[in-house]
Structures are given as structure tokens and as C-alpha cells.
Amino acid sequence: MSDGLVPVGEVIAVSTAHFEAQSYELNQSPSFGSLVLTHGPDGSGHFGLCSGAETAGIEPGRMPIAWGAADDDDEDIYDRQPQLRHVLRTTFSCVLVGYLGPQGALLQGMPSHPPRIHERVWQAGDAEIRAFFVSQQYLRFLLRADLEHVEDLIAAAIGHAYRAHGGDRAYLVGAGRAVARLLAGDHERLSAVLELLASAEERR
């Protein structure tokens, strides 16, 4: 499942419907709404959507302080203070949206178990994204997950899938119709998602 993909982090916390990972590179994390995957040694696999990221001090309760000056280049701080790479970390949160089923089938929905601590996390490539987003069932799950900024997350995920499909407008229209069916009784939320999708199409 991870052939040819580059690992971007490692799982450091799990729950029934979410996992958190630490990035291998400081200040680098998967894009908001992008699809990531894990692969366990037993052949299990999990799919998540990146729902947030944070860079902070490794020690709990210890806040980073400013080290730079107004005329510094961004990298100057890390060049002059190399220890920062050892006292800061970047983490990202993911909501579980699918898993590998029998014979390696990609299934959308809640897995029976989350990934294990210390499993690697890969950024999905275009092939994995196209295979996963054949179905729009994950949208129903996201709307039930009580997530902050869920409209933005839905639009971002569809935008990533749209680009992985080569900007196929038929895909974008189909995804928009799926959202419209699910949010038919909530005009405000539906309008928010559709406006974000229109922006995603313009930015392509």
C-alpha cells in the first residue's frame, strides 16, 4: 500500500475515530484535508484526513520564545539556534475515514481498531486518492463526527481529490451533489461548502 510513497510522520496517539502523528520534519505536515495512510506489520491499513496541525514545544507547558530579529531570513533562526529542532515538534491530527478490508479492498467507514502507536504515516499519492474517493460515503461520516470547521475540511478533501483526478469537473460536480443531498436541510452549511468548492475550482 505504501510502495513509492514517502513517510511524513509517526503515530503518537490514537482513539476510536482519530489519531495524532508527529512529523518527521519540523514545520512540515500534510495539507489540511489531505488523505494520509498507515500500514501495520500485520497487513492492516488505515486512512485519515488531516484535520489540523500544530508546532509547539516538546515539553508540556513550556512555550517557545522569540529568537529572531525583524531583518532575519526565516531559516536564519534555525541555523543560529540548531537546538530548536530538538525542543520543538510539529504534530498533525487526523480523523479516521477508512481502512483496508479483505483482500486489500479500500473501505470507507469506521475501522474496528485504530492504527497502532509508532506506525508510520504516509501522504497518499494521486493513485491512492483516486482509488479511495471513488465513493463519497466518507462525507456522511465526517458530518457525524462533530468536528470543528467540518465544512472547510469537507471542501478541502474534495479539492484534493479533484486535483488528483486531474481537475475533472465531473468529479467535482458529483461530489457537490453528494454534499447537497446530505445537507439538504441545512442551507447555511451547504452554501458554505459549495462556496468553498467554487473557490477550489477557481484556484486550480
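Things to note:
- Hits in the range 47-83 - residues which are among the polar types (S, T, N, Q) and without any contact (Cβ under 8 Å) to a residue 24 or more places away in the chain: Gln81, Gln83
- Residues satisfying the stated conditions in the range 5-25, i.e. assigned to a loop (DSSP other than H, G, I, E, B) and either modelled with pLDDT of 95 or more or surrounded by fewer than 16 Cβ atoms within 10 Å (Cβ to Cβ) (or both): Val6, Ser15, Thr16, Tyr24, Glu25
- Within the range 33-73, being assigned to a loop (DSSP other than H, G, I, E, B) and of a type in the set (Asp, Glu) holds for Asp42, Glu59, Asp71, Asp72, Asp73.
- Being within 19 Å of Val36 (Cα to Cα) and either in a helix (DSSP H, G or I) or not assigned by TED's automatic domain parsing to the domain that holds Glu10 (or both) is a property that does not hold for Ala184.
- A single entry from Ala70, Ala13, Ala66 fulfils the requirement of being within 27 Å of Leu153 (Cβ to Cβ) and either out of contact with any helix residue (DSSP H, G or I) (no Cβ under 8 Å at 6 or more places or on another chain) or of a type in the set (Ser, Thr, Tyr) (or both): Ala13.
- The numbered conditions (1) part of a helix (DSSP H, G or I); (2) of a type in the set (Ser, Thr, Tyr); (3) modelled with pLDDT of 90 or more are all true for Ser93 except (1).
The values are calculated or read from the model by the stated rules, or taken from the named source; none is laboratory data. Because the structure is predicted, anything quoted here is derived from the model rather than measured. Note that we place each Cβ from the backbone using ideal geometry, even for glycine, and neighbour counts take in every protein chain shown.
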